[in-house]
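Encoded as structure tokens, the structure appears first; notes follow it.
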Amino acid sequence: MPAQYRLPPGLNRKVGRAMHDYRMFADGDRVLIAVSGGVDSLVLAALLVLWQKKAPIRFTLVARHIDHGFWPGQQVPPQESIGNQLRPFALPLEIVAEWSLGDKRRDCFQCARNRRSQLFALAKLTGCNKIAFGHHKDDLIETFLLNAVYSGTIATMVPRQDIFAGDLAIVRPLAYLSKVEVRQIADNWGLVAVDNLCPLVSTSRRETIRKLLDRLYAEEPAARDSLFAALGNVRPEYLPDRSRL
């Protein structure tokens with residue numbers, strides 16, 4: 001593989017630390033990579049191929065893209081727009097049609113839930129015990145605020161989550177990287193995001209939170225790292241909890 005496909009040392013350490021801190025991979029793992037076509041998932045897929053070559057353990061990678069069907073007449077099919085970008089990394093991509101939502105109204109929550117259920121089924125079908133997502137540090141912070149603002153709960157995505165009694169684990173190897181760092185990798189490797197053609201993309205609650213955070217970071221650049229650190233520095237004794245009274 002060409003030398004251009006290498007991680008800068010600082011970013012390589014962050015990825016390695018996230019994998020080590022949360023014991024993301026073990027010898028013999030079979031990992032389903034959820035490739036949406038966004039720049040984060042493209043970077044994740046390419047990065048895991050590189051990591052696979054140098055890791056002291058053996059694990060298998062399976063890349064899948066769930067096709068929502070928005071592209072006809074607007075852009076080239078996913079096999080070309082996404083699959084061709086992964087070809088230099090010798091990672092075959094299989095396109096899977098999205099499960100029908102039936103008569104249910106399509107919204108962000110229902111769509112995400114449907115996609116997640118389908119990925120769980122694909123993992124079982126392909127014999128995978130891990131699913132890798134391209135969520136990064138900013139995604140975790142945004143999810144925390146989404147839950148706090150719209151659901152009244154303190155929760156976020158975690159770098160590793162074991163589900164189904166430990167039969168399956170969700171891992172997020174990019175959890176310690178900011179979105180700027182992920183895009184730096186993408187630029188270095190020539191990976192380009194495929195346009196998200198969902199008609200709701202610009203009106204989602206996540207987009208609202210993202211804009212709020214962008215304004216905060218413009219005034220307080222250190223806020224990103226502080227918010228991320230706060231996710232792992234919870235002091236329950238200073239949170240309202242009537243059950244302790």
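Scan region 1-20 for residues that are surrounded by fewer than 13 Cβ atoms within 10 Å (Cβ to Cβ) and at pLDDT 95 or above and jot them down. Matches in region 1-20: GLY10, ARG13, ARG17, HIS20. The residue that is nearest to GLY69 (Cα to Cα), among those in region 112-163 that are among the charged types (D, E, K, R) and assigned to a helix (DSSP H, G or I), is ARG115.
Only one of the listed residues (ALA186, ALA175, ALA223) is out of contact with any Cys (no Cβ under 8 Å at 6 or more places or on another chain), surrounded by 12 or more Cβ atoms within 10 Å (Cβ to Cβ) and without any contact (Cβ under 8 Å) to a residue 24 or more places away in the chain. That residue is ALA223. Select from region 188-239 the residues that are among the acidic types (Asp, Glu) and at pLDDT 95 or above and write down the one among them that is farthest from the chain's Cα centre (by Cα). Looking at residues that are among the acidic types (Asp, Glu) and at pLDDT 95 or above, I get GLU219. Within region 59-73, is there a residue that is touching a residue at least 60 places away in the same chain (Cβ under 8 Å), closer than 17 Å to HIS136 by Cα and touching a Pro at 6+ places or on another chain (Cβ under 8 Å)? Within region 59-73, none of the residues are touching a residue at least 60 places away in the same chain (Cβ under 8 Å), closer than 17 Å to HIS136 by Cα and touching a Pro at 6+ places or on another chain (Cβ under 8 Å). If the condition is being surrounded by fewer than 20 Cβ atoms within 10 Å (Cβ to Cβ), small (Gly, Ala, Ser) and closer than 23 Å to ALA63 by Cβ, then region 124-155 contributes only GLY127. The requirement of being crowded, with 17+ Cβ neighbours inside 10 Å, assigned to a helix (DSSP H, G or I) and modelled with pLDDT under 85 is fulfilled nowhere in region 40-61; no residue meets it. Residues that are in a loop (DSSP other than H, G, I, E, B) and either more than 18 Å from TYR22 (Cβ to Cβ) or in contact with a Phe, Trp or Tyr (Cβ under 9 Å, 6 or more places away or on another chain) (or both) within region 164-177 comprise PHE164, ALA165, ARG172, PRO173, LEU174, ALA175, TYR176, listed in sequence order.
The values are calculated or read from the model by the stated rules, or taken from the named source; none is laboratory data. What you are looking at is a predicted structure, and each value in this text was computed from that prediction instead of being measured. Cβ coordinates were reconstructed from backbone atoms using ideal geometry, including for glycine residues, and neighbour counts include every protein chain displayed.
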